[in-house]
Structures are given as structure tokens and as C-alpha cells.
Amino acid sequence: MSNLYEIPVTSIDGTTQTLEPYKGKVLLVVNVASKCGLTPQYEGLEKLYESKHAAGLEVLGFPANDFLGQEPGSEEEIKAFCSLTYDVKFPLFAKISVVGDGQHPLYQALTRALPDATGEGPMREKLKGYGIQANPVPEVQWNFEKFLIGRNGRVAARFAPDVTADDPRLVEAVDAELAKSA
């Protein structure tokens, strides 16, 4: 796997950067969307960020419009929505594609590093019930899939979209990574 910290990303404000400033921290990388049934997860993600940020956790939100056009807004609209609706303070980035031919290099690296997600299954069945064919493994299944990156820069865990920020499986994995040194 390539070094995640060297992959170029763009902040929601349009600044090109890398994840280098987050080196040595525990990262929870989440593809987010403003018009999804899972959008209320912003609230839990922000609570997790606020409660564990001082210990070294960074939640990084990557808006994506890959699933039924559920993130149609511009970066300015996304930033305003997140701030005004959920008081999001964790870092947000410019809209990217997390699946398919246009998949961002960050998500290419993440999905290759850990093809299977914890909690896989219920969301897939839910999508099927709506007549939506879920993406095959290792592709990102839907909005709000979560990748946990340890202080060492390696993908430590991956969580299905419907595994919320307060799910004991996710919280335990975050705490385990926070307890480790870089």
C-alpha cells in the first residue's frame, strides 16, 4: 500500500494538501453525504471527535456524490450544511468519488488495504429492499462507510455504513488504536 500521508487531497476550502499533518494520529476517514438516510450520523461523528480529539483522534469527512446523488451541493453548501445543521468541527474535504473508475487514490488505497467491513450485511440487505444493488466487496458500499487508520498509518479497521460512531465495535477499535504509540 502506498503511504496514505502522501496522497494529495483538497480541503473543503480548496487548499491542496496531503494527510501528512495528521501523521501519528488515529484517523477515522468517512465518506459523507448531506441528503442520505444516514446523514444524522454527522451528529455521532462530531460527538466522537469532540470526546476523543484530545487523545489523538481526527475524524476526516470526504463528501461523495456516488450514491443516488445524495451529495449534490458545492463545497460551500456542504460546509454550511454541516456547520449549521450538525455543528461539525472535524475536518471536511472537497467532494471526491469513492467508487468506480474515478475513485480517488485515497479510497483506492483504503479499499485495497482492507477489503472487508465490520458489520457487513444488514446495510446490504436494506439496500436490496429498496431495489438497490450494493457494490461488490471491496468497493465502498454506501455513504458513511468508515476506515480507521492507526497512528502507524495502516488501516486498522473498516466499518459498514450503518455502523454508527457510538457502536461498541467502532468505539473499542478507536480506543485500541488511541492506546497504541505511533
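Structure notes:
- Amide hydrogen neighbours beyond the local backbone of residue 59, cut-off 5 Å, H modeled: 28
- Förster radius 35 Å - calculated FRET efficiency between residue 5 and residue 132, Cβ distance, rounded to 0.05: 0.55
- Residue order for 158, 112, 124, fewest other beta carbons within 10 angstrom first, comes to 112, 124, 158.
- Shape category assigned to the range 1-100 from the gyration tensor of Cα positions, a/c cut at 1.5: oblate
- Descending by average beta-carbon neighbour count within 10 Å, the peptides 144-153, 12-21, 101-110, 172-181 line up as 144-153, 101-110, 172-181, 12-21, the highest first.
- Overall, the anisotropy analysis places the range 61-182 in the rounded class: the square-rooted eigenvalues a ≥ b ≥ c of its C-alpha gyration tensor yield a/c less than 1.5.
- Note on the range 41-86: Cα Rg divided by 2.2 N^0.38 Å, N the number of residues, gives 1.30.
- Protection proxy ranking of 72-79, 44-51 - average other beta-carbon atoms within 10 Å, highest first: 44-51, 72-79
- Computed from label points 7 Å out along Cα-Cβ, the spacing between residue 176 and residue 50 is 2.8 nm.
- Under 5 Å from the amide H of residue 32 lie the amide H atoms of 62, 64, 144, each residue being 5 or more positions distant or on a separate chain, with H modelled from the backbone and absent for Pro and chain starts.
- Relative contact order %, the chain, counting alpha carbon pairs below 8 Å whose residues are six or more apart: 28 percent
- Förster-model FRET efficiency, 30 Å R0, residue 101 and residue 20, C-beta, rounded to 0.05: 0.65
- The value of relative contact order for the range 1-81, using C-alpha pairs under 8 Å at least six residues apart, is 31 percent.
- Separation between Cα centres of the range 41-106 and the range 1-34, rounded to whole Å: 11 Å
- Check: the chain dipole with +1 on Lys, Arg Cβ and -1 on Asp, Glu Cβ, in debye: 360 debye
- Distance between modelled label sites at residue 80 and residue 125, nm, 7 Å Cα→Cβ extension: 4.1 nm
Every read-out reported here was derived from the displayed coordinates using simple, explicitly stated rules and does not represent laboratory data. What you are looking at is a predicted structure, and each value in this text was computed from that prediction instead of being measured. Note: ideal-geometry Cβ built from the backbone for every residue, glycine included; neighbour counts use all protein chains shown.
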